[in-house]
Amino acid sequence: MRIIVVGCGKIGKAIIERLVAEKHDVLVMDNDPVVVESITNAYDVMGLCGNGTEYGQLMEVGTHKCDLFIAVTGSDELNMLSCFAAKRMGAKHTVARIRNSENTTQESLAFMTKGLGLSMSINPELLTAQAIFNIIKLPLASKVETFSSKGFEMIELPLKSNSALEGKTVSEIRRQTKIKFLICAVSRDGETYIPKGDFTLLGGDRLGIIASEQDVLKLFKLLGVEQKPIKNVMVLGGGRTSVYLASMLSKSRINTKIIEKDEKRCEEICELIGSNVTVINGDAMSQDLLSEEGITTADAFVALTGMDEQNILISVYAMNQDVPKIISKVNRSELSAIAKNIGVDTIITSKTIMADVLARYARALQSASGTKVETLYSLMDGKAEAIEFTVMSDFKHIGTPLKELKFKKNALLAGIVRNNNSIIPTGDDVILAEDRVIVISSKLGVDDMSDILE
């Protein structure tokens with residue numbers, strides 16, 4: 001596909017990297033010539049210095065014949081104007097990054113999407129907050145993803161030594177338990193495996209597991225760990241993500257406390273959220289302040305300041321205070337690796353979330369007949385993917401038992417959702433039209449069911 005990306009900041013760069021890796025024809029625009037030069041030197045893309053709204057520049061980059069136009073600058077208004085111009089010039093699909101809270105109400109987005117001809121709007125802070133909220137609901141997991149069909153959840157969690165699953169093969173586990181779940185990815189010593197029935201689990205493995213929400217809770221009991229509900233959350237930093245997260249937590253009746261250094265921002269947060277959330281004006285790096293505000297009694301600690309290093313350092317302090325669940329936002333991949341090595345097990349990366357969304361959308365646009373991409377998530381630090389497809393009536397293997405299909409060794413059909421029923425498939429199950437099927441693959445770039453079949 002021919003894709004134009006306007007805005008090459010952290011989010012834009014992550015999107016560009018992902019789209020290039022998936023073999024799309026990408027052209028980039030940014031108003032900073034140094035940034036454009038850096039991107040074109042790092043990736044196989046063409047670049048132009050511009051802001052994405054000038055007619056001549058848009059014509060020069062071929063906007064009138066592009067398949068997908070993405071505007072992710074730091075300005076909502078610039079993104080919307082760029083997409084409006086691109087659509088009028090002939091771009092087939094347009095996506096705008098829209099962040100400001102006054103622009104992201106349901107009514108406002110519906111109006112702008114229709115009026116501007118947007119195919120989709122994306123809000124990185126809202127998506128990040130939702131990802132954190134999903135983890136807080138299942139705090140034993142280090143990552144939680146929910147598929148569009150709502151039938152399954154995909155979780156990542158470490159397998160501790162002496163666990164009930166240690167030393168057992170995948171097939172043994174399935175025979176010995178009535179819980180409907182599937183171990184669909186394993187990370188071990190830097191390698192990621194899509195396990196078959198004879199794969200043996202070891203302590204220290206990081207597991208990717210798919211199950212329905214109720215079966216996830218049963219699985220935790222099988223593992224011998226107690227899922228205590230989170231009642232008190234401390235959030236560091238008062239940015240947009242914190243506000244979205246606090247609103248979600250408040251609606252779930254979870255006590256939330258935000259610590260923000262800027263007094264004016266504290267006042268703004270109070271106006272946005274209301275009285276259900278406690279807002280503290282203070283330095284998030286002050287251990288005395290954290291102690292005074294009850295870090296030792298918090299069930300979860302979420303570091304969402306604008307600095308990766310600060311988030312990591314304060315998360316380590318929270319670990320030393322025995323906070324049960326710690327979540328840290330880290331965007332730089334090299335720092336993310338360091339954070340995991342020192343024990344911060346739950347890392348949230350906004351740019352990866354955004355890259356997933358755009359990669360999923362691009363794949364959906366180019367999916368071959370038979371299946372359509374609905375959801376896409378990166379797993380195991382980007383070394384595997386979970387893809388949700390809708391099966392169309394012209395899929396050539398409809399009604400064929402799965403045991404008669406030959407799946408590639410790096411792929412696994414992990415779940416089927418049919419008429420709101422969640423099915424962990426066996427060899428006797430079949431795929432029907434209108435099913436939602438979930439595929440796990442260590443081969444990146446899968447955009448059609450045929451990619452996982454021999």
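The values are calculated or read from the model by the stated rules, or taken from the named source; none is laboratory data. Please read all numbers here as calculations on a predicted model, not as lab measurements. Cβ atoms come from the backbone with ideal geometry, glycine included; neighbour counts cover every protein chain shown. Please note that ligands, DNA and RNA were not included when accessible areas were found on the heavy atoms of the full protein model with its side chains. Shrake-Rupley method; radii C 1.70, N 1.55, O 1.52, S 1.80 Å.
In segment 160-185, what count of residues is obtained for those that are under 14 Å from L222 (Cβ atoms) and either touching a residue at least 60 places away in the same chain (Cβ under 8 Å) or charged (D, E, K, R) (or both)?
The total comes to 12.
Suppose we filter E404, E374 for residues that are open to solvent by 40 Å² or more (accessible area, probe 1.4 Å) and under 20 Å from M154 (Cα atoms); which single one remains? Reasoning before the result, please.
Numbers: E404 fails: under 20 Å from M154 (Cα atoms).
The unique qualifying residue is E374.
Just to verify a result, which residue in segment 79-98, among those that are part of a helix (DSSP H, G or I) and in contact (Cβ under 8 Å) with a residue 60 or more places away in the chain, is surrounded by the most Cβ atoms within 10 Å (Cβ to Cβ)?
Here the answer is S82.
Just wondering, is there one or more residues in segment 314-328 that are within 17 Å of A131 (Cα to Cα), within 16 Å of the chain's Cα centre (by Cα) and either modelled with pLDDT of 90 or more or surrounded by 16 or more Cβ atoms within 10 Å (Cβ to Cβ) (or both)?
yes
List the strands (runs of 3 or more DSSP E) that sit entirely inside segment 354-454 and contain at least 3 residues that are small (G, A, S).
411-418
Which of the residues belonging to segment 253-292 are assigned to a loop (DSSP other than H, G, I, E, B) and either in contact with a helix residue (DSSP H, G or I) (Cβ under 8 Å, 6 or more places away or on another chain) or loosely packed, with under 13 Cβ neighbours inside 10 Å (or both)? Steps first, answer last, please.
Just the residues of segment 253-292 that are assigned to a loop (DSSP other than H, G, I, E, B), to begin with: 253-254, 261-262, 274-277, 282-286.
Of everything in segment 253-292, those that are assigned to a loop (DSSP other than H, G, I, E, B) and either in contact with a helix residue (DSSP H, G or I) (Cβ under 8 Å, 6 or more places away or on another chain) or loosely packed, with under 13 Cβ neighbours inside 10 Å (or both) turn out to be R253, I254, D262, G274, S275, N276, V277, G282, D283, A284, M285.
Since V430 meets every condition but one in (1) surrounded by fewer than 14 Cβ atoms within 10 Å (Cβ to Cβ); (2) over 28 Å from M120 (Cβ atoms), which condition does it not meet?
Only one criterion is unmet by V430, namely (1).
Given the condition farther than 30 Å from E271 by Cβ and without any contact (Cβ under 8 Å) to a residue 24 or more places away in the chain, answer yes or no: does some residue in segment 58-76 qualify? It would help to see each step written out before you state the result.
Of all residues in segment 58-76, those farther than 30 Å from E271 by Cβ come to 58-70.
Then keep just the ones that are without any contact (Cβ under 8 Å) to a residue 24 or more places away in the chain; that gives 60.
Checking segment 58-76: at least one residue is farther than 30 Å from E271 by Cβ and without any contact (Cβ under 8 Å) to a residue 24 or more places away in the chain.
Here are N331, N341: which of them is open to solvent by less than 30 Å² (accessible area, probe 1.4 Å) and closer than 26 Å to K383 by Cα? First the steps, then the outcome.
Values: N341 fails: open to solvent by less than 30 Å² (accessible area, probe 1.4 Å).
N331 is the lone residue from the list that is open to solvent by less than 30 Å² (accessible area, probe 1.4 Å) and closer than 26 Å to K383 by Cα.
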